[in-house]
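Contents: one structure, followed by commentary.
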Amino acid sequence: MKNKKIVCHDIQGKKYKVAVTDLTFRPAVYGIIIQNGKVLLSKQWDGYDFPGGGIELGETIVEALVREVKEETGLDVSVEKLIACSDSFFKLPFKGNCVQSIHLYFLCTAIGGEPSTEFFDEQEKEYADKPEWIEIDKAERIKFFNEVDSVKLILEAEKLLR
C-alpha cells in the first residue's frame, strides 16, 4: 500500500494522483432535513449540498452532526436514522490537502432555529450562502456538490417520514 496512488478530485472535478501516504482520513456526517415537502440544502458555490462536514477528534457522530448542521444552517436538529454511507477521495477547497472520507447521511428533524449564515466559519463565508428550503420535486433539477445520488437519498428520507 505504501506505493499505491489513488485519484482525488476537487470541487470542479479536476483529478489529482496522490500517494496513499499523503492522504488524511476525514470521516464526515451530513443531515437530510425534510419539512412540509421541502428539503433544507446548503447553498455552495453555484450548487447545493446537504449540511454537514468533518467529525472532529473527540466528537461522537451525533455531536458532530448537530454541530455541523447548526454551523451551516442555523438550525438545531435531532438525529433520527442513518440513511446511507459512502466513501470519497477529494481535495479540500481551502487547505489543499487530499483526504479519504467516509460520509454518513442521516435523517434529521429540525427542532429549533431559523435558516441563517450566523454560525458560518471564515471559510464558509467564502463559498456558502444562506441555506434554502427546496421543494423535493425540484431537487432533480439542481446541481449537487457531492458524489452520492442526492435525489435518491432525499426520497429515501421522505419515505421514512411517512
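Here, each number is a calculation from the coordinates, and none is a lab measurement. On a predicted model such as this, the values are computed, not experimentally measured, just so you know. Every residue, glycine among them, receives a Cβ derived from its backbone with ideal geometry; neighbour counts consider all protein chains shown.
For the range 37-87, report the translational diffusion coefficient in µm²/s to the nearest whole number, using Stokes-Einstein at 10 °C, 1.306 mPa s, and a Kirkwood Rh over Cα pairs. Kindly include the intermediate steps, with their values, before the conclusion.
Values: Rh = 12.1 Å.
Answer from the Stokes-Einstein relation: 131 µm²/s.
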Around residue 148, which amide H atoms from residues at least 5 apart in sequence, or from another chain, sit under 5 Å from its own amide H, with H modelled in the peptide plane?
none
Tilt of helix 61-73 relative to the longest C-alpha principal axis of the chain, in degrees (0 to 90, nearest 10)?
70 degrees
Tell me, what HN-Hα J-couplings in whole Hz come from the Karplus equation 6.51 cos²θ - 1.76 cosθ + 1.60 at θ = phi - 60° for each residue of the range 152-158, using x for Gly and Pro?
4, 5, 4, 5, 5, 5, 4
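May I ask for the net charge around residue 71, where only other residues with Cβ less than 10 Å from the Cβ of residue 71 are counted and Lys, Arg are +1 while Asp, Glu are -1? Walk me through the numbers before you get to the answer.
Numbers: positive: 67, 70; negative: 68, 72, 118, 121, 124.
Net of charged neighbours comes to -3.
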Considering the alpha-carbon set of the range 1-88 alone, what are its Rg and its Dmax in angstrom?
15.6, 51
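Compute the convex hull volume of the Cα atoms of the range 67-159, divide it by the residue count, and report the result per residue in Å³ as a whole number.
Residue-normalised Cα hull volume stands at 115 Å³.
Scaled to the compact-protein estimate 2.2 N^0.38 Å, what is the alpha-carbon radius of gyration of the chain, rounded to two decimal places? Please list the in-between numbers first.
Details: Rg = 15.7 Å, N = 162, 2.2 N^0.38 = 15.2 Å.
With N residues counted in the chain, Rg over 2.2 N^0.38 Å equals 1.03.
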In nanometres, what is the gap between the two model label sites at residue 60 and residue 118, each 7 Å from Cα along Cα-to-Cβ?
2.6 nm
Please report, in debye to the nearest 20, how large the charge dipole of the chain is about its Cα centre when each Lys and Arg carries +1 at its beta carbon and each Asp and Glu carries -1 there.
860 debye
For an R0 of 25 angstrom, estimate the FRET efficiency from the Cβ-Cβ distance between residue 129 and residue 9 and round to the nearest 0.05.
0.60
In the range 24-161, what % of DSSP beta bridges are antiparallel (nearest 5)?
75 percent
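If the limit is 21 Å between Cα atoms, which of 91/143; 17/95; 5/91; 5/143; 38/138; 38/143 go over it? Intermediate results must be reported in sequence, preceding the final value.
Numbers: 91/143 19 Å; 17/95 17 Å; 5/91 14 Å; 5/143 29 Å; 38/138 9 Å; 38/143 16 Å.
5/143, as the Cα separations exceed 21 Å there.
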